[in-house]
Each structure stands twice: as structure tokens, then as C-alpha cells.
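The values are calculated or read from the model by the stated rules, or taken from the named source; none is laboratory data. Bear in mind that the values here come from a model prediction, so they are computed numbers and not experimental data. FYI the Cβ positions are ideal-geometry reconstructions off the backbone, even for glycines, and counts take in every protein chain you see. For the accessible areas, the whole protein counts, side chains as well, though only heavy atoms, and no ligand, DNA or RNA atoms are used. Shrake-Rupley method; radii C 1.70, N 1.55, O 1.52, S 1.80 Å.
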Amino acid sequence: MRKNNDFGLLILRIAVGLLMLLHGIGKLGGGLEFISGMLEGKGIPGFIAYGVLIGEILAPILIIIGFRTRIGALLLAVNCLVAVLLVHSADIAKLSDTGGWAIELVGLYFFGALALFFTGGGSLAASKSNKWD
């Protein structure tokens with residue numbers, strides 16, 4: 001069987017981008033108030049909650065279509081780090097009840113985004129000539 005790195009990158013882009021996009025769309029329906037309140041409880045201005053829309057809607061769209069994939073991946077990775085630091089920091093070194101990493105989902109998003117940051121979107125992307133593609 002012949003290797004096809006570009007098709008593999010397309011699958012990774014669609015998987016990471018689409019699954020995170022669904023999280024972002026869910027937050028459009030009222031999830032930002034929760035995040036805003038949590039931020040304010042930590043002494044951080046509540047309007048910063050709108051950054052979630054960049055990390056969970058704009059970045060995944062860039063990743064899915066393959067336009068400035070590396071920028072989208074960086075935004076998504078930063079979004080994941082912020083989520084871990086603000087919400088999941090107590091779980092970083094924990095295992096779940098079933099033996100998996102307690103924050104494995106956000107870990108998969110983070111490491112998938114990190115991989116795309118280093119590889120770019122591949123040749124099956126909307127844009128491939130810029131250093132940020």
C-alpha cells in the first residue's frame with residue numbers, strides 16, 4: 001500500500017477541525033455566559049470569553065478548509081492550553097475511572113493541532129503556498 005501523507009493530513013484536519021467546531025457551535029447557544037462567569041471568578045475580565053469563538057470556531061474552520069492551517073492550529077493549541085489552565089489544571093496528572101488520561105479529549109485536540117502546526121495542511125488544502133499554510 002502506497003503512503004499518502006496529504007490524504008492523511010486532510011483526514012487529521014477534518015477530524016480535529018470538525019470535532020472542535022462542534023464544541024464552538026455549542027457555545028454559541030449560551031455557553032459563553034458560563035465561561036465569562038468563570039473568568040470573572042478568577043479575576044479575569046469576562047469579555048475574554050469571546051476568545052473561545054476564535055479558538056473553537058474560526059481556528060477549526062481555517063484548519064478544515066486548509067487556509068492558513070498553521071495559524072489555525074496554533075490558535076487551537078493555545079485555546080486548549082488556556083482551557084487546561086483555567087478548567088482542568090487539577091486533572092493534568094490524573095487518570096479517569098476507566099484508566100485513561102483525565103483530560104485525554106483536550107489532549108487529543110492539543111496534540112492534533114500541534115502536529116498540524118508543524119506539518120501544515122498538505123497539498124489537499126485551499127492554500128498551500130504561504131509559510132502559514
Can you give me the angle between helix 104-119 and the longest principal axis of the chain, using Cα atoms only, in degrees from 0 to 90, rounded to the nearest 10? 40
Leaving out ligands and nucleic acids, and using a 1.4 Å probe, what accessible area per residue does the chain come to in Å²? 59
Listed residues 78, 16, 52, most fluctuating in the chain (Gaussian network, C-alpha, under 10 Å): 78
Any trypsin sites (Lys or Arg not before Pro) in the stretch 1-35 that lie in a DSSP loop and have at most 15 other Cβ atoms within 10 Å would be 2, 3
Please enumerate, by chain and number, the lysines with C-alpha under 28 Å from the C-alpha of residue 27, excluding those fewer than 8 residues away in the same chain. 42, 94
Could you please state how large a percent of the accessible area of the stretch 49-133 is carbon and sulfur, counting protein chains only and using a 1.4 Å probe? 71
Let me check I've understood the local charge: for residue 20, count other residues with C-beta under 14 angstrom from its C-beta, Lys and Arg +1, Asp and Glu -1. What total comes out? +1
